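J.: Quick one: the structure is below, and I'll ask about it shortly.
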Amino acid sequence: MGMSGEGSQKTPEFKTIIMQREPPIGWIILNRPERLNAINLEMVQEIDKALDLYEDDKDIRVVVFKEREIGRSPRERMSPRSGSSRQRLTPQCSHSRCTGSPRR
């Protein structure tokens, strides 16, 4: 993938991020939608390399991180896929501070 606007400067192919160059902005887009863009060691190494490339680019003044659009809102991605109604969490502790019961 080449950096737009730079004919001779090429970026390495990354597996977990996407670099987009829009001077003065350099974008780093997290690209692991199958894992909800969770950061792993490979992504950290690629981000480090991308930041080095942007640091050497005199036209980039700021780097912005964002995640690749996955098609569903974060709330939808985190909710159960089964379509069942959400269960309300209730305290399991019988301590008065947890249940709101008066102290004995």
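J.: Which pairs have Cβ atoms under 9 Å, sit 6 or more apart or on different chains, and link a residue in the range 26-48 that is surrounded by 13 or more Cβ atoms within 10 Å (Cβ to Cβ) to one that is assigned to a strand (DSSP E or B) and aromatic (Phe, Trp, Tyr)?
T.: The qualifying pairs are TRP27/PHE65; ILE28/PHE65; ILE29/PHE65; LEU30/PHE65; ILE47/PHE65.
J.: Let me ask something else about it. Out of GLU76, GLU69, report the one residue that is surrounded by 10 or more Cβ atoms within 10 Å (Cβ to Cβ) and modelled with pLDDT of 60 or more. Full working, then the answer.
T.: On the way: GLU69 fails: surrounded by 10 or more Cβ atoms within 10 Å (Cβ to Cβ).
After ruling out the rest, the residue left standing is GLU76.
J.: Working only within the range 1-56, note down all residues that are modelled with pLDDT under 95, among the acidic types (Asp, Glu) and in a helix (DSSP H, G or I).
T.: Within the range 1-56, GLU34 is the sole residue that qualifies.
The values are calculated or read from the model by the stated rules, or taken from the named source; none is laboratory data. Keep in mind it's a predicted model, so treat the numbers as computed, not measured. Note that we place each Cβ from the backbone using ideal geometry, even for glycine, and neighbour counts take in every protein chain shown.
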